[in-house]
1. Need pairs with beta-carbon distance below 6 Å; first residue assigned to a loop (DSSP other than H, G, I, E, B) and within the stretch B:86-99, second surrounded by 11 or more Cβ atoms within 10 Å (Cβ to Cβ) and at pLDDT 95 or above; sequence gap 6+ or separate chains.
2. Only one residue in B:25, B:58 is modelled with pLDDT of 95 or more and either within 13 Å of chain A (Cβ to nearest Cβ) or closer than 16 Å to residue B:107 by Cα (or both), so which one is that?
3. Scan the stretch A:395-415 and give yes if some residue there is facing chain B (nearest Cβ under 7 Å), in a helix (DSSP H, G or I) and under 16 Å from residue B:15 (Cβ atoms), otherwise no.
4. Just for helices (runs of 4 or more DSSP H) wholly inside the stretch A:1-83: which have at least 1 residues that are on the phi < 0 side of the Ramachandran plot and assigned by TED's automatic domain parsing to the domain that holds residue A:283?
5. For the stretch A:418-446, enumerate the residues that are in contact with a helix residue (DSSP H, G or I) (Cβ under 9 Å, 6 or more places away or on another chain), under 21 Å from residue B:223 (Cβ atoms) and without any contact (Cβ under 8 Å) to a residue 12 or more places away in the chain.
6. Among the residues of the stretch A:443-465, which ones are assigned to a helix (DSSP H, G or I), closer than 26 Å to residue B:171 by Cα and facing another protein chain (nearest Cβ under 7 Å)?
7. What number goes with the only condition from (1) farther than 30 Å from residue A:51 by Cβ; (2) under 42 Å from the mean Cα position of the chain (by Cα); (3) facing chain B (nearest Cβ under 10 Å); (4) assigned to a helix (DSSP H, G or I) that residue A:422 does not pass?
8. Which of the residues belonging to the stretch B:28-38 are touching a helix residue (DSSP H, G or I) at 6+ places or on another chain (Cβ under 7 Å) and within 13 Å of chain A (Cβ to nearest Cβ)?
């Protein structure tokens with residue numbers, strides 16, 4: 001998957017000047033923020049639940065290798081197979097090999113960010129295998145040849161009119177504008193695909209180590225069809241998604257939909273455990289799990305390790321003033337918002353994502369809502385520190401901060417320099433006391449005035465007051 | 001009780017009358033205050049920029065400047081939180097950790113100190129009109145400051161507190177963020193300005209000058225020259241600066 005994070009500023013500008021997108025983002029905020037608040041209020045004790053959930057995830061991550069081996073053993077005992085993929089290319093190879101082995105010509109997918117991360121659709125297409133997205137949002141994106149802009153609501157950046165145009169064009173049918181009619185049309189197009197697919201490909205919200213199960217939460221029911229109708233079911237999932245027991249998964253389920261969409265529970269919660277056994281009325285003949293590392297294990301034992309607790313609810317982005325302003329695409333890879341600004345540099349590298357850790361006000365709204373207490377602002381600061389240590393920041397920024405620290409460390413110099421600066425800024429402020437232009441001041445001044453200072457510093461005035 | 005006022009670099013440079021107001025409030029609360037003249041910056045720009053060595057250097061300096069104070073009072077939630085929340089993280093496993101941790105526990109944001117420590121609830125100022133209050137992020141989420149400024153505002157003669165929608169939403173300042181991502185920062189500030197305008201309040205107040213410069217700068221550029229933008233200390237002490 002191409003990384004365009006280095007074009008963040010330009011991409012953000014495109015979002016800020018797109019009225020349709022701005023309207024859609026406004027609705028997202030209004031809907032998800034209040035829905036989450038209401039759903040969280042239903043819990044007797046959110047903080048206690050969150051502490052317990054955090055502890056479960058932290059325990060798994062601390063012993064990740066062991067939990068994964070337990071999971072693998074349980075899957076094998078159920079008659080399934082486990083494949084380990086060190087990176088995206090390995091995941092693609094494993095999946096194509098499985099498809100070839102089972103003579104698969106068509107793959108039906110349910111929504112999965114891990115498959116986005118591994119560019120699975122492109123790899124399947126290159127191998128001559130048809131792939132069809134069956135989550136409504138992902139289906140729309142596949143038709144439009146676009147990327148998800150949100151990890152839970154992938155098509156949040158598009159409005160109904162755009163979908164109507166898209167369907168009319170791609171389906172060659174009369175244009176529908178009613179949402180129910182559009183959904184019906186998508187369903188009519190998708191039904192035959194479930195029935196004719198040889199392989200169902202899903203992600204997983206959790207992997208349960210004790211039972212060898214993949215647990216997925218969905219609202220549309222497509223996930224259940226994808227995982228039970230085709231003869232082969234493949235779960236492609238990041239290694240960090242494992243939890244010890246079904247009980248642990250149940251605990252996390254109290255928080256995941258509430259944090260994500262404000263639902264007490266999703267319409268479907270599927271626990272998928274191995275291939276069909278004799279006597280089972282349905283289910284796949286073959287069950288495979290591809291465990292994808294793709295850089296995750298590098299975070300183990302690192303300051304950024306808490307990021308591996310993430311359960312991909314999207315609450316951080318729903319509450320982020322930056323995400324709310326620009327949506328997901330400017331972040332330039334698979335994962336947007338605060339979690340993406342930590343995960344993307346961690347997985348694809350600091351040097352290709354320079355803006356991401358810095359394009360945050362560190363307001364902390366994300367860490368307040370995170371159901372597994374990931375200290376996102378601290379992790380963003382950690383990444384900034386690494387940028388600094390690796391000399392990845394602009395010379396101007398390095399110079400400004402170094403100079404500032406030097407001045408602030410020398411009281412007489414500090415008092416002198418600030419006194420001069422106050423007078424200079426006062427002059428730029430003019431009669432109204434508002435600065436509209438300054439050398440190097442464009443970043444601030446392009447959209448704002450700068451209220452001018454009083455022309456004497458506090459320390460000057462205070463000294464004068466003490467010795468009149 | 002020895003109380004030191006750390007005015008912050010932004011107040012020192014951009015709006016000294018906030019420091020003056022803080023001194024008047026502390027005097028009204030019956031607290032004797034010292035103002036170490038060697039003080040400068042807490043190092044937050046360097047800390048948030050990832051330049052931790054410089055941040056540590058300025059933290060040690062602040063420790064020297066205020067070491068003999070029982071309390072360090074700061075008219076800024078984000079600077080207070082840099083000292084209280086983040087300094088200890090900077091000095092984990094170092095010889096300075098204990099003295100830094102002690103400095104951290106003695107640091108209070110201004111309204112927090114007035115209400116929680118000094119038990120002060122009779123602000124000497126007066127403001128005839130309605131005021132809306134913006135919760136600055138670090139003060140709110142890292143220090144839990146929310147009721148203290150409101151307690152004081154509701155006791156300010158003449159003033160009427162009107163809450164804006166999303167008072168807890170970030171104004172888009174974010175320090176260097178406001179300069180590096182000016183367009184984005186302005187867009188976020190715009191949402192704050194709309195929420196402020198919707199209250200029809202005569203004044204918008206907050207506990208952090210950074211947010212206030214951002215909000216005032218955007219309000220003025222939008223053509224609003226009427227809404228007063230005042231630091232909570234200025235409001236509570238009376239906005240008139242007397243030092244010349």
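The values are calculated or read from the model by the stated rules, or taken from the named source; none is laboratory data. Here the structure is a predicted model, which is why all the values come from computation and not from measurement. Note that we place each Cβ from the backbone using ideal geometry, even for glycine, and neighbour counts take in every protein chain shown.
1. Sorted first by the residue in the stretch B:86-99, then by its partner, the pairs are B:91/B:97; B:91/B:100.
2. Result of the check over B:25, B:58: B:58.
3. No, that holds for no residue.
4. Here the list reads A:46-62, A:64-77.
5. A:432, A:437, A:441, A:442, A:444, A:445, A:446
6. Hits for the stretch A:443-465 are A:443, A:444, A:458.
7. Of the numbered conditions (1) farther than 30 Å from residue A:51 by Cβ; (2) under 42 Å from the mean Cα position of the chain (by Cα); (3) facing chain B (nearest Cβ under 10 Å); (4) assigned to a helix (DSSP H, G or I), the odd one out for residue A:422 is (2).
8. B:33, B:35, B:36, B:37, B:38
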